[in-house]
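These notes are about the structure you will find just below.
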Amino acid sequence: MMAPNLDTLAVELIAEILKGADLRTISSIGLTSRRLYHIVKTNRKLWTDACDILDLPLQTGEIFATIPTESILPLALRAVSIQTRLENPASIPRIRRIHLGFISSWKLLPGGEWRLCTQDNNLWVVNNKEESKALPAVATFVAPSTIRCSAFEALGNREMRLAVGIGVDRDREETDRPQVSIIHLRFPVQDSSQARDRPLVISVKSYSLPATPSFVSLCRPLVLLKFRDTAGVRLASFRAAILDCEANVGVHLEAQPPTFEEVRLPRQGTSWEWLQVHFHPVLQKLVLRAEIRVDAYATNPPPQTVVVLADMPTLSQPIEVAPNTAAPNLFQTPEPLTFTHMHLEAISAPPLPLPLPSRYVSITEYATNDAQEFFSLCLDTDAPTSHDGELVAFLVHRAYNDCTHLCSSDICHNSSRFQEAIDRQAVVTYVNRAFTRVSRLMIPLPPEALPKSTQDPEKKLSFESTLLEVEMNHGVLSMSVIWSHRAVRESADSGRAFFGPRTHATWSFSSFYLLQY
């Protein structure tokens, strides 16, 4: 009698055995026999329960809920291949210089195939395969005023929602209304050979705002906006709005910073700056991020990160899609916000357990401002001291040299720039999106970005590289390199007392690169 093995077990037993396994294990088992291949390729529940399903390299505009079941196995095999290349120190990425033109900001869209570029009131969505050095003549979207912030969210079936915060100068906020525009896009298929194919704008909805937005985030159907802080105010109030663009309701929020006793900092000489607001769909709470600065002339300490959780308010005020009318009734009276949890930047923390136990709900990650420590903030739902859970920080990584870069799906901490490292490489420590492992990646700096040796000691050529964004699911990173060239020349008139016998000429320029593993 043949001994039982995985290939002869019932499908239900196989699904139970593989429950919680990772993509590598499930896809490997699916390649061992024809029957297991059929089970793995057609059983969606196997993939739904995978511990690192969030690491699937989905195309731009796709979400797991809308992709066909038979497409999951090929995506899982690609995810495993990308993970292998990222974790191999000998891997050499494809490095390509990209031309951005005269733009004020740009972002990689999920999927790594497209980038979002803005300049003044113009916005473009550009294919990264495009070789043109100039932006398209026709913008994807033209705003009535300057674009201040943007965010994007995949909807499935190659569709994406893009939120654009549009502001005005402070002295014009009473006459020209700031607004947010919600743009619905559909992207062409990824396999299209036409790099010049553009996403299709399906619809645009705009809403008037009471103040200029400085940050926007999305969590369907919600749009969350943080308004610009009042100029010159040391302890700025948190001012924000939340819109439900499907039900056309919203709420205007305002809250004072927590008391100084709660954050254990002196009242005098402390300033508070609000940075971001997100909605956590699992906890059904708002997640606010801020920075605290303490003026200390002797030590000049760096700012500290503060994360605050707040109850989600009720959205009851109707909103109108009428950006060009007079000030609407929307947001006339802001509502208070109730804070429930607060976390001040950790001084010490236990190491992050991976994979993360189910009792912990991941909230966000942050790096200290000296970029030496990388923390993960979680809510312990089993904490005995609180029925609402307790915030716990875990240490993800501690850097011991200036060439280590810290990043994750939530942050790419670009305040630390790396100079030329050993073997002309830089070290990146990152957390995968599924929060099951911490990896280190050796990034080779672009060859043309490295300073060439010179025999003239009077000519100094230096550079610094900054990791701008990461899309680790697709093995894509973006990097900027800033060159600085300083030359010393003899003056034609050595007798001129003001300039002296020598003059110094200094100039700099930037290059941008995409690295594909």
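Taking the Cβ of I29 as the center, what net charge do the other residues with Cβ under 12 Å away carry, scoring Lys and Arg +1 and Asp and Glu -1?
In short, +1.
Going by Cα centres, segment 349-398 and segment 115-147 are how many Å apart?
38
Under the rule of at least 5 residues apart or a separate chain, name every residue whose amide H is placed under 5 Å from the amide H of E469.
Close amide H contacts, sequence-distant or interchain: S478.
Where in segment 45-86 does the label zone of L354 land, with the point 7 angstrom along Cα→C-beta and an amide N cut-off under 15 Å?
51-55, 83-86
Ranked highest first by average number of other Cβ atoms within 10 Å, how do 180-188, 279-287 line up?
In descending order of packing, they fall as 180-188, 279-287.
Using a 10 Å cut-off on Cβ atoms, rank the peptides 51-64, 137-150 from the highest mean neighbour count down.
Result, highest mean Cβ count within 10 Å first: 51-64, 137-150.
If you keep only loop residues by DSSP, which GluC sites (Glu not before Pro) in segment 126-156 have at most 14 other Cβ atoms within 10 Å of their Cβ?
Qualifying residues, ordered by number: E131.
None of the figures in this text is laboratory data; all of them are computed from the coordinates on show. Keep in mind that this is a model prediction, so the values were computed, not measured. As a convention, Cβ positions derive from the backbone with ideal geometry for all residues, glycine included, and neighbour counts pool all protein chains shown.
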